[in-house]
Structure formats: structure tokens, C-alpha cells
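A single structure is presented below for examination.
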Amino acid sequence: MAAVELVLLQRVEKLGQMGDIVKVKPGYARNFLLPQKKALRASKDNLARFEEQKAHLVALNLKRKEEAERLAERVGGLSVIIIRQAGESGSLYGSVSPRDIADGCEAGGLTISRSQVIQEHPIKMLGLSKVRISLHPEVSMMVTVNVARSTEEAERQTRGESVGAAAEDEEAALDAALAFENGEQPDVP
């Protein structure tokens, strides 16, 4: 199938900047770019209309970008705690979805939609992860996602302590070593 020629109305990641004429697959144009009002078909009429509105679109884009930058500065370093059930090895029963992260950000004072959460890979383990939040096509920020079994465990992870079965084994070995140094006899059955 032939590619569709479009003119972009805003920056689209991995595609182009505002005003660029790009060729994309028909499904991408029909299902994403056109319904989201991110592009117009590159006909003579649409190109002429775009040139007339270009100054207005650039000014509107600049205003939105500045608002997004101020928001990123205000809530920079946001940390989100997500409580999930997990196995002994620290692997989750399921994964943390963009919806979960968006809900956690909203609880932290940042109202975003799940489509603004950019996950490189799904979160399937307990621990701290960095996730990118796209506030504007040209502005993004990093949010720390703390996945834990309980709020106490989340606090320990934030302080840098390891959690899970391996951490409990390390604590038991450390307790035994301290008891041996103090002259106590180990319990032998």
C-alpha cells in the first residue's frame, strides 16, 4: 500500500517537527495522526491553510511548551509509591501499567493521562525505576517509581536498603556474625 503524505501540526517523536511534510503508512495516519489532530493530509488546500495558521500554531506551541517547562520545574524529582503483591524473589504478580503510574502521579500532585507515561519496558520487579513523563512533545521529565509490598518496604527502598528474600538472608547472616563476635553460642539442633 502506498504511503500517505501529511504535514505535521506539532512535533511528533521519531517522525518530525511542526511543518514537516512526511510520508507514513496509511494506518498510522488514519488511526493516530489525523484523529489526534497532529497532522493534516498534504493537499494544496491544507498546505495553504497551514501556512496561514502557522504563526498562530507556533505561538500556541511555544506557550504550551513554556507551561510544561514550568510544571516540570515545579514537580521535578517526583517519586511515586506503588504497592503491589510480589513473590519471594521480588517478581510482581503482573506488572505496573502506565495507568498505575498516572494515578500515582495524580496522588503526588501531577495530573497526567496514561498516554503521557513513556515506559521503555514493563516494570515487573520490586524496586526503584525511572519512567519518562511527556508533558509536551518537546518537554519530558523523569519520575521515580517505587514498587514495594508495603509502605514500610517502600521507605526502606527509598533509603537505599535492599528488600526481599536476599535482604532477609543477608540480615540473618549479619545477626549470626554479630552474635558470634559477642561470644554467644549458635543454636545447633
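So if each residue of separation counts as 0.36 nm, and I subtract the Cα-Cα distance between E155 and E69, what length gain in nm does that give?
Here the segment from E155 to E69 would lengthen by 28.0 nm.
Rounded to the nearest 500, what is the 222 nm mean residue ellipticity of the chain from helices alone, with -39500 (n - 2.57) per DSSP H run of 4+ residues and division by all residues?
Calculated mean residue ellipticity at 222 nm is -12000 deg cm²/dmol.
Here's a follow-up. Rounded to the nearest 20 debye, what is the charge dipole size of the chain about its Cα centre when +1 sits on each Lys and Arg Cβ and -1 on each Asp and Glu Cβ?
I would put it at about 2160 debye.
Could you list D100, D45 so that the one with the fewest beta carbons within 10 Å of its beta carbon is first and the one with the most is last?
Listing D100, D45 from fewest to most nearby Cβ atoms yields D45, D100.
Quick check: the distance between the Cα centres of the range 55-71 and the range 101-130, to the nearest angstrom?
24 Å
Something else: Filter the trypsin sites (Lys or Arg not before Pro) in the range 29-81 down to the DSSP loop ones having no more than 16 other Cβ atoms within 10 Å, then list what survives.
Qualifying residues, ordered by number: K37.
Then there is this: State which entries of K37/K63; K14/K44; K14/K65; K44/K65; K14/K130 exceed 27 angstrom in Cα-Cα distance in the structure shown.
With Cα atoms farther than 27 Å apart: K44/K65.
Evaluate 2.2 N^0.38 Å with N set to the residue count of the chain, then give the Cα radius of gyration divided by it.
1.54
While we're on this one: Test of understanding: ordering M125, M141, M1 by Cβ neighbours within 10 Å, fewest first, what list do you get?
Ascending number of Cβ neighbours within 10 Å: M1, M125, M141.
Which percentage, to the nearest 5, of the DSSP beta bridges contained in the range 65-156 is antiparallel?
In the range 65-156, DSSP labels about 75 percent of beta bridges as antiparallel.
Using a simple charge model, +1 on the beta-carbon of Lys and Arg, -1 on the beta-carbon of Asp and Glu, nothing else, what dipole does the range 4-64 show about its Cα centre, in debye to the nearest 20?
220 debye
Classify the range 4-64 as rounded, prolate or oblate from the Cα gyration tensor: take a ≥ b ≥ c as the square roots of its eigenvalues, call it rounded if a/c is under 1.5, otherwise prolate when a/b beats b/c and oblate if not.
Oblate, since a/c reaches 1.5 and b/c is not below a/b.
Sticking with this structure for a sec: Taking the Cβ of each residue in L6, L135 as the centre, tally the other Cβ atoms inside 10 Å and list the residues starting with the fewest.
So the residues, fewest neighbours to most, are L135, L6.
Can I ask one more? Once you have the Kirkwood Rh of the range 37-113 from its Cα pairs, apply Stokes-Einstein at 10 °C and 1.306 mPa s and quote D in µm²/s.
Approximately 96 µm²/s, per Stokes-Einstein.
A short reminder: the numbers here are calculations on the coordinates, not readings from a lab. Source: prediction; values computed, not measured. Positions of Cβ are generated from backbone atoms using ideal geometry, with glycine treated the same way; all protein chains shown enter the neighbour counts.
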